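Have a look at the structure below, then the notes.
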Amino acid sequence: MITFKEALDLVLVNTPILPAVWKNVHEIDSDVLAEDIKAKVDLPVFSNSAMDGYALRFEDTHSVPVVLRIKGCIKAGDFPRAIVGKGEAAKIMTGAPLPEGANAVVIVEDTEEKEKTVIVKESVKKGDYVRLKGEEIKKGQIALKKGTKLNPASLGFLAAMGWRKVRVFSKPKVSLLITGNELVKPGRELKPGKIWESNLTTLNAALDQINIKPVFSGTARDSLQDLEKKIQKGLETSDILLISGGISVGDDDFVQELLLKQKVKKIFWRVAIKPGKPTFFGIKGKKLIFGLPGNPASVLVTFLEFVRPAILKMMGQKDVLLHERKAILEEKLQKKVDRAYFLKGILQERNGRAYVKSAGLQDSHILESFGKANCLVFLEKEKNFFKKGERVKIQILPWK
Ligand code: AMP
Ligand code: MG
């Protein structure tokens, strides 16, 4: 059986970055830039006032109070024609262009207006309350680099520089296929032997956390015919097909057999991890196919460890893995399998130190503790006993 690291590497080397598309800046959420963005203009486009006040020559305020003659009022959106000379000031509002001749602004609070004059009570220095043309970025400079994950601030920055459309990496089309004869939609009546289906909800929510809406979600019975039809549909419509259940060694676990029949190339099946041992990964052309174990906690762990990084890589992101750090174990832990173990944990900061403890029952069918957890404790394959006080590697759950 391959190790976690080997499996993750295989997923990532087989994951292509999708081509770039043009997108309206206001339609982008967390997309990644597919090109360097050069500033088309200086920003600010013109020198302007940072405050409501009076534009003046700082030299005129060496000794205060001083009385200056007011030469008009400049509002945001105006273009001033007046030139501010010695002994003069122009009333100016925040964002209004600085008139020629002026080299500083005194704020309203430090002045008193009397008829056509203003009494300036505080001295100002050159450039006070002036936002200089080009101080944020100069025309021709690289404003945002290819590979930048856009966020509200950088999107606003693009808009402020006049960009309406930019090239970003496309998002993959993801399909979900849930398998199992025992499954009933939540809300429907449970007949004997049946359980409410939960993986569709889990996977949808996990995809939503990375701003992906599946293009197709289906449920299939554990029958060769039904499954084959839906696997075909999933393969046709998506860049990534996620299948839940039917990938283990049960009598009705047909997923792998059918994927191979559909010319999916197997990259791996079974990984030395718990939960998630039966995970299957295959490719068909540039499409990725994940067969995830149906147990509710396994499906989420394997999504986070393999599928999420693949999706993020496809979208051009660099930072694709769960964020890792170290924490001190608050209790001793013993694992019973010679596989790497993802323990649902609770991380707490106390006195500037990070402590972690188990979030509760850890079996593959249990979501109760997973819901309380804020991290996964990564217990390496080679070791089975972990002492209280030992420093262990943890991965932060990436919930919004
Ligand atoms: P499987 O991977 O199909 O062998 O399923 C493993 C375990 O997970 C079984 O106990 C299934 O009943 C359960 N299971 C599979 N799929 C789901 C699902 N979508 N929702 C809830 N439980 C599931
Ligand atoms: Mg099943």
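With the contact rule set at Cα under 8 Å and sequence spacing of 6 or more, what percent relative contact order holds for region 140-203?
Numbers: 22 pairs, mean separation 12.4, N = 64.
Reported relative contact order: 19 percent.
Go through Lys149, Lys171 and list them by solvent-accessible area, largest first, probe radius 1.4 Å. Each step should come with its number before you reach the end.
On the way: Lys149 105, Lys171 50 Å².
So, going from the largest accessible area down, we get Lys149, Lys171.
How big is the accessible area of Phe386 in square angstrom, nearest 10, if you roll a 1.4 angstrom probe over the protein chains?
For Phe386, solvent-accessible area is about 10 Å².
Return the calculated 222 nm mean residue ellipticity for the chain, to the nearest 500 deg cm²/dmol, obtained by summing -39500 (n - 2.57) across DSSP H runs with n ≥ 4 and dividing by the residue count. Display every interim value, and only then the final one.
On the way: 8 runs with 69 residues, N = 400.
So the helix-based figure for the chain works out to -5000 deg cm²/dmol.
Tell me the Kirkwood radius of region 4-98: reciprocal of the mean inverse pair distance over distinct alpha-carbon atoms, in Å.
Details: mean 1/r = 0.0543 Å⁻¹.
Mean inverse Cα-Cα distance, inverted, gives 18.4 Å.
Could you pull out every residue, at least 5 positions away or on a different chain, whose amide H is within less than 5 Å of the one on Ala143? Hs are placed 1.01 Å off N in the peptide plane, and Pro or chain starts have none.
Correct list: Ile37, Lys38, Ala39.
Can you tell me the relative contact order of the chain? Whole percent, Cα pairs under 8 Å, sequence separation 6 or more. Write out the running numbers ahead of the final one.
Working: 918 pairs, mean separation 64.0, N = 400.
In percent, rounded to a whole number, it is 16.
Kindly report the accessible area of the chain per residue (heavy atoms of protein chains, probe 1.4 Å, no ligands, DNA or RNA), in Å². Let's see the in-between values first.
On the way: 20310 Å² over 400 residues.
Result: 51 Å² of accessible area for each residue.
Can you flag which of Lys274/Lys372; Lys213/Lys335; Lys173/Lys318 are past 27 Å Cα-Cα?
Details: Lys274/Lys372 19 Å; Lys213/Lys335 36 Å; Lys173/Lys318 19 Å.
Among Lys274/Lys372; Lys213/Lys335; Lys173/Lys318, the Cα-Cα distance tops 27 Å for Lys213/Lys335.
Any idea which of Leu158, Ser217, Pro192 is furthest toward the positive side of the dipole for region 153-217, if Lys and Arg beta-carbons carry +1 and Asp and Glu beta-carbons -1?
The listed residue farthest towards the positive side: Leu158.
At 25 °C and 0.890 mPa s, grab the translational diffusion coefficient of region 191-249 from Stokes-Einstein with a Kirkwood Rh over Cα pairs, rounded to a whole number in µm² per second. Can you show the working numbers first?
Working: Rh = 13.0 Å.
Roughly 189 µm²/s, to the nearest whole number.
Given points 7 Å out from each Cα along the Cα-Cβ axis, report the Lys286 to Val67 separation in nanometres with one decimal.
Once both label points are built, they end up 7.5 nm from each other.
Considering only DSSP beta bridges whose two residues both sit in the chain, what percent are antiparallel, to the nearest 5?
Bridges in the chain are about 70 percent antiparallel.
Roughly what would the spin-label model give for Glu6 and Glu368, points 7 Å off Cα along C-beta, in nm?
For Glu6 paired with Glu368, the spin-label model returns 3.7 nm.
In region 303-370, what percentage of the DSSP-assigned beta bridges are antiparallel, given to the nearest 5? Walk me through the numbers on the way to the answer.
On the way: 6 of 8 bridges.
Roughly 75 percent of the DSSP beta bridges within region 303-370 come out antiparallel.
Describe numerically, in nm with one decimal, the distance between label points set 7 Å from Cα along Cα→Cβ at Asn24 and at Thr237.
Each label point lies 7 Å from its Cα, and together they span 2.6 nm.
If the viscosity is 1.567 mPa s and the temperature 4 °C, what Stokes-Einstein diffusion coefficient in µm²/s follows for region 163-303 when Rh is the Kirkwood radius over Cα pairs? Could you put the intermediate results ahead of the total?
On the way: Rh = 15.6 Å.
Diffusion coefficient, whole number: 83 µm²/s.
If you build a Gaussian network model of the chain, linking Cα atoms that sit under 10 Å apart, which residue out of Ser154, Ser358, Ser175 swings the most?
In this elastic network of the chain, the residue with the biggest mean-square fluctuation among Ser154, Ser358, Ser175 is Ser154.
Which of Leu68, Ser47, Leu203 sits farthest toward the positive end of the charge dipole of the chain, with +1 on the Cβ of Lys and Arg and -1 on the Cβ of Asp and Glu?
Highest projection toward the positive end goes to Leu203.
Running Debye on region 277-316 with equal point scatterers at the Cα sites and no solvent, what base-10 log of I(q)/I(0) appears at q = 0.17, 0.30 Å⁻¹?
Ignoring solvent entirely, the Cα scatterers give -0.45, -1.05.
Normalised by the residues of region 241-400, what does the relative contact order come to in percent, with Cα pairs under 8 Å and at least six apart? Write out the running numbers ahead of the final one.
Working: 327 pairs, mean separation 34.0, N = 160.
Across region 241-400, relative contact order equals 21 percent.
What part of the accessible area of the chain, given as a whole %, is carbon or sulfur when the probe is 1.4 angstrom? Write out the running numbers ahead of the final one.
On the way: 10610 of 20310 Å².
That fraction is 52 percent.
Would you rank Arg131, Arg164, Arg81 by solvent-accessible area, highest first, keeping every protein chain in place and using a 1.4 Å probe?
So the residues, ranked largest to smallest area, are Arg81, Arg164, Arg131.
Quick one: among Leu259, Leu190, Leu361, which has the greatest mean-square fluctuation in a GNM of the chain with alpha-carbon springs under 10 angstrom?
Result for the chain, Cα springs under 10 Å: Leu190 fluctuates most.
For the chain, state the average projected area of the convex hull of the C-alpha atoms over all orientations, rounded to one decimal in nm².
Values: hull surface 110.6 nm².
Over every viewing direction, the Cα hull of the chain projects on average to 27.7 nm².
Angle, helix 199-208 long axis vs. longest principal axis of the chain, Cα atoms, 0 to 90°, nearest 10?
Helix 199-208 sits roughly 20 degrees off the main axis of the chain.
The values are calculated or read from the model by the stated rules, or taken from the named source; none is laboratory data. Since the structure is predicted, the reported quantities are computational estimates derived from the model, not experimental observations. A quick note on method: Cβ atoms are made from the backbone with ideal geometry, for glycine too, and the neighbour counts reach across all protein chains shown. Heavy atoms of the whole protein, side chains included, go into the accessibility calculation; ligands, DNA and RNA do not. Shrake-Rupley method; radii C 1.70, N 1.55, O 1.52, S 1.80 Å.
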